[in-house]
Amino acid sequence: MKKLLQICLIVLIGLPAYTQGVDADSKQLCGLTGKELLEVRRDVKKNILSLKAAGKLRFVESDIAAVQQQRLLEPQAPIGIRFDWPMRPKNAEDYRYYHIGNYTDLDTTGEECIRDYNGGHRTYNGHQGIDIGIGPYQWARQKAGDIYAVAAAPGIIVERHDGEFDRNCDWDNITGSTGRGNHVVILHADDSTVSFYMHLKNGSVTNKQIGDAVVAGEILGSIASSGRSTGPHLHFQVNTSWTHPEDDKGFFVDPFFGQFNWTTTVSLWKSQKEYNEPGIYDMETHLGTTMDSYTSNCDSVVSLSTLRTNFQPNNTIGFRTYLIDWVDGSQVVGGVLDPSGNIYHTWGARTNQCTYWNNWCKYNTRGDICRVYHLNENLTLPANAPAGTYTYWVQYNGIITHHYFSVGCLQTMTFSGTQGGRRGFLVSNTITSTSTIAGISSNRITYKADNYVLLSPGFVATAGCEFSASTEGCTTGK
Ligand SMILES: [Zn+2]
């Protein structure tokens with residue numbers, strides 16, 4: 001196990017921060033050992049039994065009814081619980097915020113090999129849960145605590161722990177940690193199934209106590225890297241048969257339905273996600289080709305001094321897209337549209353050739369996917385580049401995604417007084433206005449700013465005028 005880990009680290013350290021390639025967060029691993037999981041299980045079982053003895057283990061009637069109904073619908077299923085996704089961001093986001101680092105290892109043939117529910121090798125030996133990584137900029141998000149672990153189904157808290165350091169990067173070096181880290185465990189309404197939420201942020205764990213009920217989607221804590229973990233992620237694990245006194249272990253259940261999943265005959269997700277789920281973490285424009293990024297090291301500080309959306313003619317622009325689940329052999333194309341929406345530049349198709357992954361397995365399988373990959377392009381603008389809002393686009397997995405940037409726009413514009421008889425766009429990177437837009441039909445004004453439009457107290461758009469403000473970016477036509 002240790003030797004294999006070193007192989008993987010050499011590959012990661014070999015990547016300078018500014019090149020394109022596989023990101024460090026492509027492969028978060030928790031290294032929870034069987035012994036550590038057994039310790040959690042024993043605590044969970046002990047807590048369940050003491051809650052029962054005290055008469056405090058009481059499920060909500062409607063939750064019990066839902067489980068019973070599910071059992072009637074799918075009598076072949078081992079349990080009657082159906083899970084929602086156990087993670088969500090604080091606010092709605094334009095891009096994806098998670099990727100799957102590891103699935104459950106369902107191989108039973110011995111020490112050396114691994115197999116996930118789909119027959120692939122996206123797991124590590126003995127892994128009993130699902131590792132869900134976060135991004136972009138996993139350490140910044142860990143620090144912000146803005147991605148939550150949420151209860152995947154209603155239930156009762158039967159174990160919780162907080163107070164541990166939460167930025168571990170090396171599973172062999174977790175001094176002062178219990179290994180399991182900050183976590184919550186919930187017993188669900190079948191009185192048998194529990195779900196684990198591991199590696200949470202220090203101080204973020206719900207104030208609710210053992211014995212308290214939670215509803216589906218309730219925040220349990222923020223995603224971090226406490227315990228035996230090499231990067232911010234949620235270890236989500238399902239176990240069953242917890243309430244039988246003769247059972248000391250509990251049995252893990254991989255909730256994903258698949259040919260190689262011997263732990264369940266149906267999906268335990270309300271809506272099962274695809275095995276590979278291509279998506280985009282972020283699209284960025286940078287000044288110059290030496291684009292800042294977080295490094296492959298354990299790093300909570302993110303320098304992004306080159307990141308911007310406003311440029312001038314003659315600038316060289318670095319373009320970056322963070323791709324999730326880039327399947328081997330699939331292509332990504334991209335380019336730039338000018339302010340009129342015409343093709344300005346197109347890059348050749350890029351084909352994934354990830355080769356770093358599955359050397360853990362005795363089969364030494366070549367990698368077939370990049371979990372997180374930053375694809376870089378660049379373009380130098382001529383002196384006569386037309387001013388306005390440009391569009392950086394990428395077509396990935398059949399979907400075109402856009403990012404906007406401006407060239408040759410004013411940095412700021414400030415308006416006051418009466419605006420009358422004007423037509424067209426007032427454009428800048430930021431616009432601040434206390435104007436009165438007169439109510440005449442010839443007065444058709446659009447504020448377009450790349451950064452923000454601030455309509456300060458005093459701003460009036462009188463009925464009769466046509467006024468709009470947007471932050472899509474500045475355009476020509478002042
Ligand atoms: Zn894990």
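Among the residues of region 193-220, what is the count of those that are farther than 18 Å from residue 171 by Cβ and touching a His at 6+ places or on another chain (Cβ under 8 Å)?
4
Return yes or no: is residue 84 open to solvent by 10 Å² or more (accessible area, probe 1.4 Å), more than 14 Å from the ligand (Cβ to nearest atom) and either more than 30 Å from residue 65 (Cβ to Cβ) or assigned by TED's automatic domain parsing to the domain that holds residue 284 (or both)?
no
Tally time: how many residues in region 87-98 are touching a strand residue (DSSP E or B) at 6+ places or on another chain (Cβ under 9 Å) and either of a type in the set (Gly, Ala, Ser) or within 16 Å of the ligand (Cβ to nearest atom) (or both)?
2
Hey, any hits in region 115-125 for a residue that's under 14 Å from the mean Cα position of the chain (by Cα) and among the polar types (S, T, N, Q)?
no
Those residues that are within 16 Å of the ligand (Cβ to nearest atom) and over 23 Å from residue 257 (Cα atoms), I need them from region 121-137; list them, please.
Result: 134, single match.
Please specify each residue of region 102-127 satisfying the condition of being touching a strand residue (DSSP E or B) at 6+ places or on another chain (Cβ under 7 Å) and within 19 Å of residue 273 (Cβ to Cβ).
Listed by number, the residues that qualify are 102, 103, 104, 122, 123, 127.
Just to be sure I understand the filter: pairs with C-beta atoms under 6 Å, separated by 6 or more residues or on different chains, first member in region 120-147 and outside the structural domain of residue 105 (by TED's automatic domain parsing) and farther than 19 Å from residue 284 by Cβ, second member within 9 Å of the ligand (Cβ to nearest atom) and not polar (S, T, N, Q). Which pairs pass?
Cβ pairs passing all conditions: none.
Taking region 99-117 only, how many residues are more than 14 Å from the ligand (Cβ to nearest atom) and crowded, with 23+ Cβ neighbours inside 10 Å?
Result for region 99-117: 1.
Yes or no, residue by residue, for (1) away from the ligand (no atom under 16 Å from the Cβ); (2) crowded, with 24+ Cβ neighbours inside 10 Å:
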site: 119; (1), (2): yes, no
site: 139; (1), (2): yes, yes
site: 143; (1), (2): yes, no
site: 149; (1), (2): no, yes
site: 156; (1), (2): yes, yes
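Which residue out of 212, 172, 162, 191 is assigned by TED's automatic domain parsing to the domain that holds residue 79 and on the phi > 0 side of the Ramachandran plot?
191
Just to verify a result, which residue in region 327-348, among those that are outside any strand (DSSP E or B), open to solvent by 40 Å² or more (accessible area, probe 1.4 Å) and more than 27 Å from residue 277 (Cβ to Cβ), is modelled with the highest pLDDT?
Residue satisfying both the conditions and the ranking: 342.
If residue 255 passes every condition in (1) crowded, with 24+ Cβ neighbours inside 10 Å; (2) over 28 Å from residue 272 (Cβ atoms) but one, which one does it miss?
(2)
Please work out which residue is surrounded by the most Cβ atoms within 10 Å (Cβ to Cβ), limiting yourself to region 38-49 and to residues that are among the basic types (Lys, Arg), in contact (Cβ under 8 Å) with a residue 24 or more places away in the chain and more than 16 Å from the ligand (Cβ to nearest atom).
Only one residue fits best here, namely 45.
Of all the strands (runs of 3 or more DSSP E) wholly in region 166-252, which have at least 3 residues that are within 16 Å of the ligand (Cβ to nearest atom), under 23 Å from the mean Cα position of the chain (by Cα) and buried (at least 18 other Cβ atoms within 10 Å of the Cβ)?
Filter on region 166-252 gives 182-188, 194-200, 233-240.
Residue by residue, here is whether (1) farther than 30 Å from residue 278 by Cα; (2) in contact (Cβ under 8 Å) with a residue 60 or more places away in the chain; (3) not β-branched (Val, Ile, Thr) holds:
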residue: 63; (1), (2), (3): yes, yes, yes
residue: 66; (1), (2), (3): yes, yes, yes
residue: 81; (1), (2), (3): no, yes, no
residue: 84; (1), (2), (3): no, yes, yes
residue: 90; (1), (2), (3): no, no, yes
residue: 95; (1), (2), (3): no, yes, yes
residue: 100; (1), (2), (3): no, yes, no
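How do the strands (runs of 3 or more DSSP E) wholly within region 366-411 filter down when requiring 2 or more residues that are outside the structural domain of residue 320 (by TED's automatic domain parsing) and either over 18 Å from residue 349 (Cα atoms) or modelled with pLDDT of 85 or more (or both): which remain?
Correct list: 388-396, 399-407.
Just to check your reading of the model, which residue among 35, 52 is exposed (fewer than 15 other Cβ atoms within 10 Å of the Cβ), of a type outside the set (A, V, I, L, M) and more than 16 Å from the ligand (Cβ to nearest atom)?
52
The values are calculated or read from the model by the stated rules, or taken from the named source; none is laboratory data. Just so we're clear, the structure is a prediction, and the values are computed from it rather than from any experiment. All Cβ positions, even for glycine, are placed from backbone atoms using ideal geometry, and neighbour counts span all protein chains on display. These accessible areas exclude ligands, DNA and RNA; they are computed on the full protein's heavy atoms, side chains included. Shrake-Rupley method; radii C 1.70, N 1.55, O 1.52, S 1.80 Å.
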